[in-house]
Structures are given as structure tokens and as C-alpha cells.
1. If I ask for residues that are part of a helix (DSSP H, G or I) and in contact (Cβ under 8 Å) with a residue 12 or more places away in the chain, which ones from the range 165-180 would you list?
2. Can you tell which of Thr321, Thr311, Thr269 is β-branched (Val, Ile, Thr), in a helix (DSSP H, G or I) and open to solvent by 20 Å² or more (accessible area, probe 1.4 Å)?
3. Any residue in the range 219-244 that's under 11 Å from Met323 (Cβ atoms) and in contact (Cβ under 8 Å) with a residue 40 or more places away in the chain: show its pairings with residues that are of a type outside the set (A, V, I, L, M, F, W, C) and in a helix (DSSP H, G or I) at Cβ separation under 6 Å, as long as the two are six or more apart or on different chains.
4. Of all residues in the range 112-134, which are at pLDDT 85 or above and among the charged types (D, E, K, R)?
5. Can you tell me which of (1) over 19 Å from the mean Cα position of the chain (by Cα); (2) at pLDDT 85 or above; (3) of a type in the set (A, V, I, L, M); (4) over 27 Å from Ile475 (Cα atoms) is the one Val440 doesn't meet?
6. Looking only at the range 138-154, count every residue that is touching a helix residue (DSSP H, G or I) at 6+ places or on another chain (Cβ under 8 Å), at pLDDT below 90 and open to solvent by 40 Å² or more (accessible area, probe 1.4 Å) and tell me the total.
7. Applying the selection to the range 171-189, what residues are surrounded by 12 or more Cβ atoms within 10 Å (Cβ to Cβ) and over 19 Å from Lys137 (Cβ atoms)?
8. Any residue in the range 453-464 that is more than 18 Å from Phe433 (Cβ to Cβ) sitting within a Cβ distance under 8 Å of a residue that is in a helix (DSSP H, G or I) and open to solvent by 50 Å² or more (accessible area, probe 1.4 Å)? List the pairs, counting only those 6 or more apart or interchain.
Amino acid sequence: MPLFNLRQLKATKSIAEFEAEAGHTGLKRVLSRWTLTALGIGCIIGAGIFVMTGLAAREFAGPALTISFLVAGVGCACAALCYAEFASILPVAGSAYSYSYATMGELFAWIIGWDLIIEYSMSSSTVAVGWSGYFVKLMESFGVRFPLWAVNDPETAHALITKATANGTLSDLANHYSSIDLPSIAGLGIAVNLPAVLVSLLIMFILTRGIREAANTNTAMVILKVSVTIFVIGVGAFFVDITNWEPFIPMRGVNDMGEAAFGYQGILTAAAYVFFAYIGFDAVSTQAGEALNPKKDIPFGILASLAICTTLYILVSLVLTGMVKYTDLDINAPVAAAFASKGMKFASWFISIAAVAGLTSVLLVNILAQTRLFFSMAKDGLLPEKFFGKLHSKFKTPFNATIITGIAIAAVAGMFPLSLIAKLVNIGTLFAFVIIIIAVFMMRKQNPDTKRGFRVPALPLVGALGILFNVGMMISLGWENWLRLFLWMAIGLVIYYFYGQRNSRLNKGKA
């Protein structure tokens, strides 16, 4: 047979087919518009604000991190408007995957679905690593220390020891751990980030119990972390020293990682990094199968969560770089460290608790989104339906998909460093956003008379800006990220060739 069936390349699922399937998923409809908004906030506010702000400001943008958040926010806002229009037409789980299926055809739907798999899984792993960092710092404030090998991935553990040995600071390193000796197998030092592994498996267990339980858990954590974020802004503003904002845009140069940074190029690179902070609003659209009124509530949840979080991000970045000179920011826990540097140890402790809770909710929503994506792709026959599409007889959750997702995320979080995982997330998400913006143009042309609960205002302008900003951020990422994306896509195309196109329900129905 040909490498790819050209008829399937162009074959799309009609709106009528999506609507017919929407009522027969077996999932429970229990999510209101404010619960969906909380899910969006729960997924957005997390590693981006509690972890990535320190790295982006210190190594790339300086105080101009605020501009980076604006750039990333514009790119996300354009994509969010497009997601909202699609959600008002196609009230189904699957997010960008389903939207692509309705406009671009099955092969493109597979490509975007496969891309979203790497986005959600790597995002979850990144959050798990960030959660571990804050958890360890929180336990250290209570005098509890862990062995170095049990709270770091192998690369990070070896790098910490090598750097401390070279600088003669092994004793300082030992003060933060109960032991810095690595157990070995055949002479190879072993390390694993156990807190990251365990929290991934815990969230996996919660999600197998049901969507209502997961949503209630998330809402409680969202209330806590939004309250703390407002606390950071309100109290931190009193410690702002405006001289820390000078120069607001540092001169272009080389950062501590040996990369070109600062200046306007640094602002764009930082935007590509903190773009991770906005990932989450698209996860709202994956819950359409469990929303009470998806055509209205999904667009509301997407736009409301993004608007709230963008405002908070800009204010936090101003306060953080005003409290501490950008060159002195802590990379692992920048917000907590900033308050600790002002003698507010209680605030640092409070922020660490909120960060742990906040990152937990991000992890919960990310894993939830990925399992619903697997479920949608399995129902279309592109993945094994008997495994990924199977619902638990009691809880009505995609049980197998949740288990395999949790285990995979735990494995990556336990064995790989934060910097590597985060880069995989960003380029995959940016690619998905560009595809969705293009798909909205196609949907307007293919189905101009279809009733829409929400329409993107000034689509030509919004769409052009969205593509410009998101492609610009993709280009700012290194060639290694592009190589990883192409390799992942190549693996996906092989799977589609040998399984997807042969088992596609759409293909069998039209044959």
C-alpha cells in the first residue's frame, strides 16, 4: 500500500459526526463553567510562575521579563480565542486533535494529537520535577533532609557533585542533604528524583477515582495558590527597590549557560521559556465531554482563566525582579527565596506550601488532559480502543490510559533534568497553537454558516498576530528542540502508518 492513503489525508469528520459521538462517550457531565475556569487556572498557575520566572529573568531577560510575559501572553491570547471558537462549535474532548480532525483531515489530526501527547506528558514531568524542588525546600525548612541521590535525577546529581568538587564547596552541598554519596551499580552512580515519581503516581491514583473528585481537589488547591499569588504581589510590592529594574533591558551578552541572552533577543527567548507558564488553558477544551454546557462553558473557561492568570503573571514578574536583582535570583524556587532574602521566613514557608499545592493541581489537570486525549484518539481507532478507550466500570474514567500516563510521567520526571523536559514542552505547544489558528481560518471557509457560540473578533488580524508571535518564539528555541520534535513526529508517523490508518473508524466508515 502507499506510504499514506491520500484519501485519508484529506478525510475529515463532520460536525454532525462529532455531535453524534458527544452524547455517547460514557463520561459523566459534571463540570460547570466556573469549575472549568478553576481547572484552567489550576493548570496555568504553577511551574511557570513558581519555577521558570527565576531562570528566565536571570539567564535571558532581566527585569524585562515583564515584556516577555506580554509577548507570550499575546501569542497565547490569539490561540485561546481560536480554541474558544472551536469549542463553541465542537463540544467534544480531544482539544486541538479534534479541531484538526474537523478541518485538516485525519493525518494532520494524528500529527497534532501526537504532538499534544508530548506536550502534556513532558509538561506533567516538568511540573513533577518543580514540585519536588519546592517539596524538598519546604521539608528542609522543618529540618528534614533527604539524601542527594533520592531527590535529583542522575544528570543533576552528578553535576552538583562535580561542580562542588571543582569549587571546593562539598561541605556546603552536604548541608542541604542527609548524604551526598551516590549508591552505585557496576561503578555507576545511581540517582532518582523520588518525590517527583511519587507525586505523579499519587495524582494518577486520584484521577482513576473520578472526574468530580479530581475537580474538587483542584478547586481547593486553586483557591490556595491564587490567594498566595495575591499575597506575593501585595506584600512583595513593599519590598520593591526600583534600582533593581535598572537597566530594565540589560545589554545583549552571554549568560551563565553560555548562551546568547539579554537585549531584545533575550526578551524573545525568555518569552519562549515562560510560555510554559501559560500552558493550561487548552487543557480546558479536553474536558468538553464532561462539561455541563460545553458550547458556552468551554469558551468561558478558556478565556477567563487566561485573562486572570496573565494579569497575575505580569504583576508577579514586576514584584520579583524589583525585590531581588535579576542576577541574584534563585533558579529552583525564586519566589520563596526572594521573600527569604528579606527576612520573611514565614512568607517563604507559606509560599513553598502554596507552590507544592499549586504544582499538584497543575499536574492533576495535565494528566487529566492527556488521558482524555488518549481516549478521543482511541475512540477514532487511531490508538487501540480496547486499551486506551476502556472506561472503569464504577468510576467511568479511562482507567488504562490514566495508569500508563502516570507511569510514563513518573519515569521521565525521576530520570531527566528540568531544563531538557521544559524545552520539549514549549516547542510542541507552540506548534499546536499555530495549527489551531490555521484551522480556524479553514473552518470559517468550509463551514461559514455553522452556528458559533463564540467568534474570534477580527480573525485576520488576530490569526496573523498569533502565527507571528508563536512562530517567532519557536524560532528562538535552539536547533536541538527542533530535532527532538522531528524525531518524535517521525516515531508518530511510523505508528500511524502501521496502526492508525489501518484501524481508523473514519476510514472504515467511508470505505
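1. Narrowing the range 165-180 to residues part of a helix (DSSP H, G or I): 165-167, 170-174.
Once the filter is applied, which keeps residues that are part of a helix (DSSP H, G or I) and in contact (Cβ under 8 Å) with a residue 12 or more places away in the chain, the range 165-180 yields only Leu173.
2. Details: Thr321 fails: open to solvent by 20 Å² or more (accessible area, probe 1.4 Å); Thr269 fails: open to solvent by 20 Å² or more (accessible area, probe 1.4 Å).
Checking each option against the conditions leaves just Thr311.
3. Final answer for the pair search is Val240/Gly322; Asn244/Gly322.
4. Asp115
5. (4)
6. 1
7. Correct list: Asp181, Leu182, Pro183, Gly189.
8. Gly453/Lys295; Gly453/Lys296
The values are calculated or read from the model by the stated rules, or taken from the named source; none is laboratory data. Note that the coordinates shown come from a computational prediction; the quantities given were computed from them, not determined experimentally. Virtual Cβ from ideal backbone geometry, glycine too; neighbours counted across all protein chains shown. For the accessible areas, the whole protein counts, side chains as well, though only heavy atoms, and no ligand, DNA or RNA atoms are used. Shrake-Rupley method; radii C 1.70, N 1.55, O 1.52, S 1.80 Å.
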